[in-house]
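**Q** Quick one: the structure is below, and I'll ask about it shortly.
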């Protein structure tokens, strides 16, 4: 299997993504089944992200906007847009395409294509109604991975489909709302680096350059969730990762900034609908 | 109609082609019907050329190699390869695709694609057996000219098809036979600039840096035709252009280096199977 095609069981991705792209691998397609809830707390990356959701129930929040996902749907997330994804456990599956437009530039320059059609990269944002079209491109990316011309052609088609449904009324572009987005990125980045420690609201507010009192309402407005809930999401997502890797509930608790084991288990059950132990078992079963 | 899609009735192209490419027009597709013989004497250009021949009889000579064309066929000619094309009058039609890989680079870098698959640009040379595949790409270039993503995708598919049939046994690459090609280009370029004047074999030999005696056999071996025949082809092709533009047989004779009107008419009839006057009438009829 090539580096471009990834099968993640249901280990959730977390926050600020570390994606490794190069000329040989300027994009990835990750296939996930949803044996458990899949929660990616607020995060962003330098890649264009496309979610091909098949038979899914959940929500995608891109900057301030929450998009409900039900059944089959395609959601596009432009580079550097802060977003979170919550997909419910079920029979569904999701294909996550990440495209590094920078690395892809050696082959083709998608932002230049967009500029020539009068579209903006920021405009590739939100629901794309052409599910079948996007599905065809994603399948070709997977099935014709061995053929450079074919897979790059599929990527170009995908960009063309997204461009056609960009800038529609119901898909307002991101990044047009001033400095809120930069502040949010600063906080998200800081939280990604510090969730293992004891983190106070005052610290987060300082990172955002806001007063402690104003910070909470500001964060909620821009992130679509409370600061505490967001921090818990980051910690639980990382705990899932530790659990998938080590199977140890104690380690997951300690390594992800939870002061107390019973609180960790209680929160995990609330967020994931099962205990950490049950979660580990569900992974072993697959 | 866009600048990229051209309908040349059957005005023959001639010698060193002056093609005008820019970012908006990094390639052209020219559709020609063959109401008359279509003869393009030895020439070259900086563009990759693809001939989609439908129901055609003729020959394409690329550097030393003569390729018979019969019925449906695709012939690829790499940039800077000296070549000539002779297509017989008939019911057939030909689509000539010229691609400026330099101008195209703003969108996508075909030579980089090729290098990543281990192919060479020089290898895109000769007959490509996937007629239907190439035909599909050319039709898409024409029919979806208004859709940047679609037409660039078609161009990428076309390159992929050519790459797949490159480097096959029966298609030895050009440009691997040393300095013969550069000399030939020098002579062809010089002839293109000077055919309107009285041109001697000694002058041409001097341009090639060869003795007058050796020049004739050398030219024949590398060009697949004699020097005199080549010069006549250049002059007659240009005469056709003048005839198509002005309808004047006298001007065509004078402007294309023919000292004598009756010799011009005689040669024209030999080369094109009809007199200059009949040729003008055949153009008017269409």
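**Q** Find the residue count for the stretch A:50-62, including only residues that are crowded, with 22+ Cβ neighbours inside 10 Å and either touching a helix residue (DSSP H, G or I) at 6+ places or on another chain (Cβ under 8 Å) or not assigned by TED's automatic domain parsing to the domain that holds residue A:96 (or both).
**A** 2
**Q** Here's a follow-up. Test residue A:105 against the stated conditions and say whether it is within 25 Å of residue B:156 (Cβ to Cβ) and surrounded by fewer than 21 Cβ atoms within 10 Å (Cβ to Cβ).
**A** yes
**Q** Could I ask something else about it? Taking the stretch A:136-153 only, how many residues are crowded, with 20+ Cβ neighbours inside 10 Å, more than 9 Å from every other protein chain (Cβ to nearest Cβ) and closer than 17 Å to residue B:161 by Cα?
**A** 1
**Q** Could I ask something else about it? Please tell me if residue A:106 is in contact with a helix residue (DSSP H, G or I) (Cβ under 7 Å, 6 or more places away or on another chain) and closer than 14 Å to residue A:27 by Cα.
**A** yes
**Q** Restricting attention to the stretch B:106-131, which residues are under 23 Å from the mean Cα position of the chain (by Cα) and within 18 Å of residue B:150 (Cα to Cα)?
**A** B:110
**Q** Continuing with the same structure: Do you know which residues across the stretch A:68-99 are outside any strand (DSSP E or B) and more than 19 Å from residue A:7 (Cα to Cα)?
**A** Across the stretch A:68-99, the qualifying residues are A:78, A:79, A:80, A:81, A:82.
**Q** Here's something else I'd like to know. Say whether the condition of being within 14 Å of another protein chain (Cβ to nearest Cβ) and closer than 24 Å to residue A:23 by Cα is met by at least one residue in the stretch A:87-95.
**A** Looking through the stretch A:87-95, none of the residues is within 14 Å of another protein chain (Cβ to nearest Cβ) and closer than 24 Å to residue A:23 by Cα.
**Q** Which residues, taken from the stretch B:33-49, are in contact with a helix residue (DSSP H, G or I) (Cβ under 7 Å, 6 or more places away or on another chain) and assigned to a strand (DSSP E or B)?
**A** Correct list: B:39, B:40, B:41, B:42, B:43, B:48.
**Q** Can you tell me which residue in the stretch A:9-29 is nearest to the chain's Cα centre (by Cα), limited to those that are surrounded by fewer than 16 Cβ atoms within 10 Å (Cβ to Cβ) and at pLDDT 70 or above?
**A** By that ranking, first place goes to A:20.
**Q** Just need a number here: residues in the stretch B:112-127 that are part of a helix (DSSP H, G or I), at the interface with chain A (Cβ under 10 Å from one of its Cβ atoms) and touching a helix residue (DSSP H, G or I) at 6+ places or on another chain (Cβ under 9 Å).
**A** 3
**Q** Kindly evaluate residue B:71 against the criterion of being in contact (Cβ under 8 Å) with a residue 40 or more places away in the chain and away from every other protein chain (no Cβ under 14 Å).
**A** When the stated conditions are applied, residue B:71 does not pass them.
**Q** Give just the number: which of (1) over 22 Å from the mean Cα position of the chain (by Cα); (2) touching a residue at least 12 places away in the same chain (Cβ under 8 Å); (3) closer than 27 Å to residue B:65 by Cβ does residue B:185 not satisfy?
**A** Every condition holds for residue B:185 apart from (1).
**Q** A follow-up question, please. Given (1) out of contact with any strand residue (DSSP E or B) (no Cβ under 6 Å at 6 or more places or on another chain); (2) within 14 Å of chain B (Cβ to nearest Cβ); (3) in a helix (DSSP H, G or I), where does residue A:102 come up short, assuming only one miss?
**A** Every listed condition holds for residue A:102 apart from (2).
**Q** Does residue A:82 fit the bill of being modelled with pLDDT of 90 or more and crowded, with 20+ Cβ neighbours inside 10 Å?
**A** Judged against the criteria, residue A:82 is not a match.
The values are calculated or read from the model by the stated rules, or taken from the named source; none is laboratory data. Remember, it's a predicted structure, so these values are computed and weren't measured experimentally. Don't worry about glycine lacking a Cβ; one is built from the backbone with ideal geometry, like all the others, and counts go over all protein chains shown.
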